[in-house]
1. Do we find a residue being surrounded by fewer than 24 Cβ atoms within 10 Å (Cβ to Cβ) and of a type in the set (A, V, I, L, M, F, W, C) anywhere in the stretch B:117-136?
2. Can you find even one residue in the stretch B:125-132 that is among the small types (Gly, Ala, Ser), more than 14 Å from chain A (Cβ to nearest Cβ) and not in a strand (DSSP E or B)?
3. For the stretch A:130-147, which residues satisfy the criterion of being facing chain B (nearest Cβ under 9 Å), open to solvent by 30 Å² or more (accessible area, probe 1.4 Å), of a type outside the set (Gly, Ala, Ser) and over 13 Å from residue B:229 (Cα atoms)?
4. Looking only at the stretch B:185-197, which residues are outside any strand (DSSP E or B) and not β-branched (Val, Ile, Thr)?
5. So which strands (runs of 3 or more DSSP E) are wholly in the stretch B:198-298 and hold at least 2 residues that are over 27 Å from the mean Cα position of the chain (by Cα)?
6. Are any of the residues in the stretch B:105-112 in a strand (DSSP E or B), in contact (Cβ under 8 Å) with a residue 12 or more places away in the chain, of a type in the set (S, T, N, Q) and closer than 19 Å to residue A:179 by Cβ?
Amino acid sequence: MTPTERDATRRLDEALGRLPRSVDPAQDLWPVIEARLQSGERRSRARWAWQAAAAVLLVVGSSVLTASLMKRDEARVAGSREAAAGVVEVTPAAYGPAYAPDPGYLAARQQLAKMLESRVERLPPSARHKLVANLAEIRRATAEINAALAVQPGDPLLEELLVNAYQDELAVLASVNDLTGANGAVASPDGKRVQL
Amino acid sequence: MSIERAWSTTGVALLVLAPVTAFAGSAINERSAADPAGQVEISNTAGSVVVTGWNRNEVEVTGELGDGSERLEFGTAGKVTRIKVILPKKSYGVDGSDLIVKVPAGSSLSVNTVSADVRVRGVGGAQRLQSVSADIGTEASTEDVECKTVSGDVTVAGNGTRGLLTITTVSGDANVTDAAGEVNANTVSGNFNLGLRETTRSRLRSTSGDLTLASRPVADSRFDIESISGDVRLDLAGPPDAEFDVSSFNGEIRNCIGPKPVRTSEYAPGRELRFREGQGSARIRIKTLNGDISVCRK
């Protein structure tokens, strides 16, 4: 360190030493800050309560809806066309945010779904319910992978799983079409009688 | 010669089909000479189908035709024997039919049902068994066996000889013992428990069902196992000679054989496990999104 630098350092130290140890604010701001914090906390609690109420409402509402739909379906085995519409509902397919599915794939998927719509009523009610639940399971899985791909685009594991999940959905649609096409009749709910 | 060609060349005039009119709820008792390595096709919507291989060159059908059924179609044309429960076109509420069928042990077999359980024993030819909601039980040996259901369960007992086994269900479970060779299985939510002997190829896929595979991979064998949210458990018999490629996006990986899994990225949740045992002759690949993976010795 040169003599000039030492002198500058000394002056800086002296100036710092003359500064007061603490500075009182011109006015006491704490009561205002405290009031605002308490107000925000109350709003946060209120928002949490609304969210909890909405979640409970959603769960109860969907449970009631599911129960009523299942009850109606069991009571109206013959009127299964409404259920069929639910089974073959085709949700949009995607490969993460960066890709669009092949038009040929979409056409094949649409065609299989349409074919299934006309055949699903041949399924026994228990099998129909399971088919609905399992197609929903595949769609839930593809949605989950898509969501993960949105966070990690280009992840090879996710891309592979997604492509295969879409293939699985096609395979299920084709397989059920095949099974229902092989037999024109449907067994009764208890499996002992045949309905035509 | 394909089955279709056999039918076309034989022609309708040569069909030895002998439609048998059976009265409602009546007993069935039919018999016909058959090729020892012929094809037997069975169709029954509801009730049951039990097929047994025997050492005679003939097909026999006994059992009971369901109340309200129109008739049992039974006949042989060339190498093909057809057994089909015919239902009336305009009726409602027909009882299921129970068919007990005996076929030459070397026959190939095709069975289609909706809710009729299918049981097959002692049939050595290729089998194609399909049901919507009923269970399927059969034995596998050297010929191809394919079982397909929506919600029915599948049970296959092998005898250690190599063949090709394919199982497809939507929600039905599968239980396989002592099958060998190539085993492929696909399910959405069914739980598959596959106890295999020497395995050359295996491709298993599940959306949410659990996959449990116990096997002895042979040299150059290939295992490809994939699940979205179902757990995968692989138990290997004997000293493994394989290259492993295991990864999961969110699931845990447990390895009893080699190294511990590592994270694929500092910031992402994925884990992977790559290692080799022995010469690495076999290739074992397991992928899941959320499902846990376990690789251990049997």
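The values are calculated or read from the model by the stated rules, or taken from the named source; none is laboratory data. The model shown is predicted, which means the values in this text are computed figures rather than measured ones. Methodologically, a virtual Cβ is constructed for each residue, glycine included, from the backbone with ideal geometry; neighbour enumeration extends over all protein chains shown. All accessible areas refer to the heavy atoms of the entire protein, side chains included, with ligands and DNA or RNA removed. Shrake-Rupley method; radii C 1.70, N 1.55, O 1.52, S 1.80 Å.
1. Residues of the stretch B:117-136 that are surrounded by fewer than 24 Cβ atoms within 10 Å (Cβ to Cβ), as a first pass: B:117, B:119, B:121-122, B:124-126, B:128, B:135.
Subset that is of a type in the set (A, V, I, L, M, F, W, C): B:126.
Taking every residue of the stretch B:117-136 in turn, at least one turns out to be surrounded by fewer than 24 Cβ atoms within 10 Å (Cβ to Cβ) and of a type in the set (A, V, I, L, M, F, W, C).
2. Taking the stretch B:125-132 first, the residues among the small types (Gly, Ala, Ser) are B:125-126, B:131.
With the extra rule that they be more than 14 Å from chain A (Cβ to nearest Cβ), the set shrinks to B:125-126.
From the residues that got through so far, the ones that are not in a strand (DSSP E or B) too are B:125-126.
Yes, the conditions are met somewhere in the stretch B:125-132.
3. Of the residues in the stretch A:130-147, the ones facing chain B (nearest Cβ under 9 Å) are A:130-131, A:133-135, A:137-138, A:140-142, A:144-145.
Those still in the list that are open to solvent by 30 Å² or more (accessible area, probe 1.4 Å) too: A:130, A:133, A:137, A:140, A:144.
Subset that is of a type outside the set (Gly, Ala, Ser): A:130, A:137, A:140, A:144.
Within the stretch A:130-147, A:130 is the sole residue that qualifies.
4. To start, the set of residues in the stretch B:185-197 that are outside any strand (DSSP E or B) comprises B:188-191.
If the condition is that a residue be outside any strand (DSSP E or B) and not β-branched (Val, Ile, Thr), then B:189, B:190, B:191 are the ones that fit.
5. Details: elements: B:211-227, B:232-236, B:242-248, B:253-255, B:271-277, B:282-288, B:293-297.
By residue number, B:242-248, B:253-255, B:271-277.
6. We begin by selecting, within the stretch B:105-112, every residue in a strand (DSSP E or B); these are B:108-112.
Remaining after also requiring in contact (Cβ under 8 Å) with a residue 12 or more places away in the chain: B:108-112.
The next check asks that each one be of a type in the set (S, T, N, Q); those that pass are B:108, B:110, B:112.
Still in the list and also closer than 19 Å to residue A:179 by Cβ: B:110, B:112.
Yes, there is a match, as at least one residue in the stretch B:105-112 is in a strand (DSSP E or B), in contact (Cβ under 8 Å) with a residue 12 or more places away in the chain, of a type in the set (S, T, N, Q) and closer than 19 Å to residue A:179 by Cβ.
Residue-by-condition table, conditions (1) within 14 Å of chain A (Cβ to nearest Cβ); (2) open to solvent by 10 Å² or more (accessible area, probe 1.4 Å); (3) under 18 Å from residue B:215 (Cβ atoms); (4) part of a loop (DSSP other than H, G, I, E, B):
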| position | (1), (2), (3), (4) |
| --- | --- |
| B:148 | yes, yes, no, no |
| B:157 | no, yes, yes, no |
| B:160 | no, yes, yes, yes |
| B:165 | no, no, yes, no |
| B:171 | yes, yes, no, yes |
| B:177 | no, yes, yes, no |
| B:180 | no, no, yes, no |
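Residue-by-condition table, conditions (1) free of Cβ contacts under 8 Å to residues at least 24 places away in the same chain; (2) surrounded by fewer than 17 Cβ atoms within 10 Å (Cβ to Cβ); (3) within 29 Å of residue B:160 (Cα to Cα):
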position: B:233; (1), (2), (3): no, no, yes
position: B:247; (1), (2), (3): no, no, no
position: B:250; (1), (2), (3): no, yes, no
position: B:262; (1), (2), (3): yes, yes, no
position: B:271; (1), (2), (3): no, no, no
position: B:276; (1), (2), (3): no, yes, yes
position: B:283; (1), (2), (3): no, yes, yes
position: B:293; (1), (2), (3): no, no, yes
